[in-house]
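Below is one structure, written out as structure tokens; comments come after it.
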Amino acid sequence: MKPLKFLFLIVLFSQSTYGQIHPFKGIYDQDSCNFSSASPLIRFTDSLNTLWQIGEPRKSFFGTAHSLPYAIMTDSINSYPNATHSYFDMVLPKWYPNVIVSFKHKFQTDSLKDGGYIEVSYDSGRNWNNVIDEKKVHNPMMFFVENMYQQKDSLSGGLYGFSGTQENWIYSRIQWVWLVPLFIHPPNPLYLRFHFISDSMPSEKSGWIMDDFMVSIADMGTGISALKKGHDVRVFPNPMVTEATFVFPNLKKEAFLLHLYTSKGQLVNTQHHYHADKIILERGELVAGLYSYLIQSESGLQARGSLSIQ
Ligand SMILES: [Ca+2]
């Protein structure tokens, strides 16, 4: 590849049609995977996977993992084969009203032919769309990316994706914001699928290496007013054992979200309800302890309180 084209490609990835990630009132990390131990975030659903390996890189272009010792990559030793297509999935634990998915990566492929792309599914893996088409396909309230490919970075077959050579680790981030209106908030967990494809022309290139996946949320905190008084929300029983009922006035028949946080501030449960004036929280996998809840309405009403689980 000519050096000039090289530079052009790298510049392409560092620009974005969707601007920068919006931190609002702060970004809070929720879940991560650095490949030093098994993580429920990463799943191998491609039964024909011949490509993706978690391990220690042993080819010169990859160098070492971003966080030692392990990363996920298209073969730890050999160049990627021609005419290949393999993927792995990332399944977010919950749908958050706004979410940022980030990862560190580098790649070496035949430019505009072989490379990687990311798809998103809102229905647990039945339908997939390229994540760069989010505004066109799912139209979240806001969608931002950093260091991502664009709708003009084509791989073979016309798919949009990363290709060419990215020698140093780059930090790519994707952000969805769904807070208002709540009724379009997707009901299922967000699935991401990381694909790697190559065409029929052999090449001696390393492929794609990724590490340090992170799921974060941004604290929206904008223009929210409290429900009239604290006692407008009743929670019973509190402490709860198997379930608790949250009752609140909902005269405008708005959609409401309930968020439950641990005492350390980690979001562990999000529920959304349409037109309800009560929300029943099932215990599920929640361990005993003290939690705090936040209830938010479509128009920005909110109430906070604490909930004890025995
Ligand atoms: Ca690592």
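Below, the figures for the structure above:
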{"quantity": "Residue within the range 202-215 that is modelled with pLDDT of 85 or more, more than 23 Å from M142 (Cβ to Cβ), outside any loop (DSSP other than H, G, I, E, B) and in contact with a helix residue (DSSP H, G or I) (Cβ under 8 Å, 6 or more places away or on another chain) present", "calculated": "no"}
{"quantity": "Any hit, the range 27-35, residues being modelled with pLDDT under 95, within 16 Å of the ligand (Cβ to nearest atom) and aliphatic (A, V, I, L, M)", "calculated": "no"}
{"quantity": "Which numbered condition E298 fails, given (1) more than 30 Å from Q108 (Cα to Cα); (2) among the charged types (D, E, K, R); (3) at pLDDT 75 or above", "calculated": "(3)"}
{"quantity": "First in the range 37-55 and more than 19 Å from I197 (Cβ to Cβ), second anywhere and in a loop (DSSP other than H, G, I, E, B) and not charged (D, E, K, R), Cβ under 7 Å, 6 or more apart", "calculated": "I54/F35; I54/Y70; G55/Y70; G55/S76"}
{"quantity": "Selection within the range 87-99 - over 24 Å from K152 (Cβ atoms) and either outside the structural domain of A71 (by TED's automatic domain parsing) or not in a loop (DSSP other than H, G, I, E, B) (or both)", "calculated": "F88, D89, M90, V91, N98, V99"}
{"quantity": "Selection status of S200, at negative phi and touching a Lys or Arg at 6+ places or on another chain (Cβ under 9 Å)", "calculated": "no"}
{"quantity": "Qualifying position, being in contact (Cβ under 8 Å) with a residue 60 or more places away in the chain, in contact with a His (Cβ under 9 Å, 6 or more places away or on another chain), crowded, with 21+ Cβ neighbours inside 10 Å and not β-branched (V, I, T), among Q108, Q175", "calculated": "Q175"}
{"quantity": "Subset tally (residues that are among the hydroxyl-bearing types (S, T, Y) and more than 19 Å from the chain's Cα centre (by Cα)) for the range 159-174", "calculated": "2"}
{"quantity": "Residues of the range 109-136 that turn out to be closer than 27 Å to G207 by Cβ and part of a helix (DSSP H, G or I), as a count", "calculated": "4"}
{"quantity": "Counted residues, the range 42-86 - those being away from the ligand (no atom under 13 Å from the Cβ), surrounded by 15 or more Cβ atoms within 10 Å (Cβ to Cβ) and part of a loop (DSSP other than H, G, I, E, B)", "calculated": "9"}
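The values are calculated or read from the model by the stated rules, or taken from the named source; none is laboratory data. Not measured: the values here are computed from a predicted model. Neighbour counts are summed over all protein chains in view; Cβ atoms, including those assigned to glycine, are modelled from backbone coordinates with ideal geometry.
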